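Working notes for the structure below.
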Amino acid sequence: MSSTMTAAAPIVYPDSDGMPMADNTQQFRAIVTIQGNLEALFRDRADVFVAGDLLWYPVEGRPDIRRAPDAMVVFGRPKGDRGSYRQWEEEGIAPQVVFEVLSPGNTLTEMAAKFEFYDRYGVEEYYLYDPASGDLSGWRREGGRLRVIEEIDGWVSPRLGVRFRREGGEVRMYLPDGRPFLSFVEVQEQLDRERQRAEAERQRAEAERQRAEAEQQRAEAERQRAERLAARLRALGIDPDEDV
């Protein structure tokens, strides 16, 4: 009796779920701003991986179990490009902090499924931001479950050190050194202002240098005039240094 052995087809973990990163420009801008500021915050930490819209597969052999957080931070994993985050290839470390940014197309069922996923697979901090209203909600893992953060105003992320402050009806995020999260455009505007201030200071210093140089030249001209006058007096037999 003969048997034919068929090799099992390799399991494919797609790098894309076919869904757009954002549904509108406002959501896209918020995602890029959050992810970019988090990446900049940990730019000097080789053991912190920050990503945006990257598929996370928590279970080996189950490519159907996946999510692509709008932004996620993983402590204990090296930086580097990845097509997806396969947890079993990352020493079993789950993303500790996840951000989601709402869009008008998100349904309650979809958001409930995301929460259940993050709760089940070990996320320590989960933040949900609504760019349309400026509101933000947060959950922190306590007792093995994600529990709502009752007061987000003044809350400081235990993992990130980021502070959340409610200002004028919306929640803003601040880096540990007190600087606010800024969009790329806001960063460029800030750099432009700093360059303008530096240029104004350079021009002020140059004007001061020229003023000092002019004063030095005036003093030198006065000294030379005094010397010529003294020479003429001596030619007339008058000692200019003699007290009258």
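If I ask for residues that are outside any loop (DSSP other than H, G, I, E, B) and under 23 Å from the mean Cα position of the chain (by Cα), which ones from the range 126-160 would you list? Those that are outside any loop (DSSP other than H, G, I, E, B) and under 23 Å from the mean Cα position of the chain (by Cα): 126, 127, 128, 129, 130, 135, 136, 137, 138, 139, 140, 156. Of all positions in the range 76-92, none carries a residue that is in the same structural domain as residue 140 (by TED's automatic domain parsing) and either among the β-branched types (Val, Ile, Thr) or under 25 Å from residue 131 (Cα atoms) (or both). Annotation: of all residues in the range 1-51 being at pLDDT 95 or above, in a loop (DSSP other than H, G, I, E, B) and touching a strand residue (DSSP E or B) at 6+ places or on another chain (Cβ under 8 Å), the one that is nearest to residue 65 (Cα to Cα) is 13. None of 61, 80 is free of Cβ contacts under 8 Å to residues at least 40 places away in the same chain and more than 23 Å from residue 181 (Cβ to Cβ) except 80. Taking the criterion of being within 20 Å of residue 156 (Cβ to Cβ) and in contact (Cβ under 8 Å) with a residue 40 or more places away in the chain, the residues of the range 96-117 that qualify are 96, 97, 99. The lone criterion from (1) touching a strand residue (DSSP E or B) at 6+ places or on another chain (Cβ under 9 Å); (2) over 19 Å from residue 29 (Cβ atoms); (3) in a helix (DSSP H, G or I) left unmet by residue 178 is number (3). The residues of the range 162-175 that are surrounded by 13 or more Cβ atoms within 10 Å (Cβ to Cβ) and either outside any strand (DSSP E or B) or not assigned by TED's automatic domain parsing to the domain that holds residue 124 (or both), listed by number, are 162, 175. When 123, 74 are checked against the criterion of being in a strand (DSSP E or B), under 22 Å from the mean Cα position of the chain (by Cα) and crowded, with 16+ Cβ neighbours inside 10 Å, a single residue qualifies: 74.
Residue count for the range 54-67, restricted to those that are crowded, with 18+ Cβ neighbours inside 10 Å and part of a loop (DSSP other than H, G, I, E, B): 4. Among residues of the range 18-43 being hydrophobic (A, V, I, L, M, F, W, C) and without any contact (Cβ under 8 Å) to a residue 12 or more places away in the chain, the one that is farthest from residue 136 (Cα to Cα) is 40.
Of the residues 221, 198, which single one is more than 22 Å from residue 43 (Cβ to Cβ), part of a helix (DSSP H, G or I), within 43 Å of the chain's Cα centre (by Cα) and of a type in the set (A, V, I, L, M, F, W, C)? The unique qualifying residue is 198. For the range 149-197, a tally of residues being within 17 Å of residue 33 (Cβ to Cβ) and free of Cβ contacts under 8 Å to residues at least 40 places away in the same chain returns 16.
The values are calculated or read from the model by the stated rules, or taken from the named source; none is laboratory data. Note that the structure is a prediction, hence the values are computed from the model and not measured. Cβ coordinates were reconstructed from backbone atoms using ideal geometry, including for glycine residues, and neighbour counts include every protein chain displayed.
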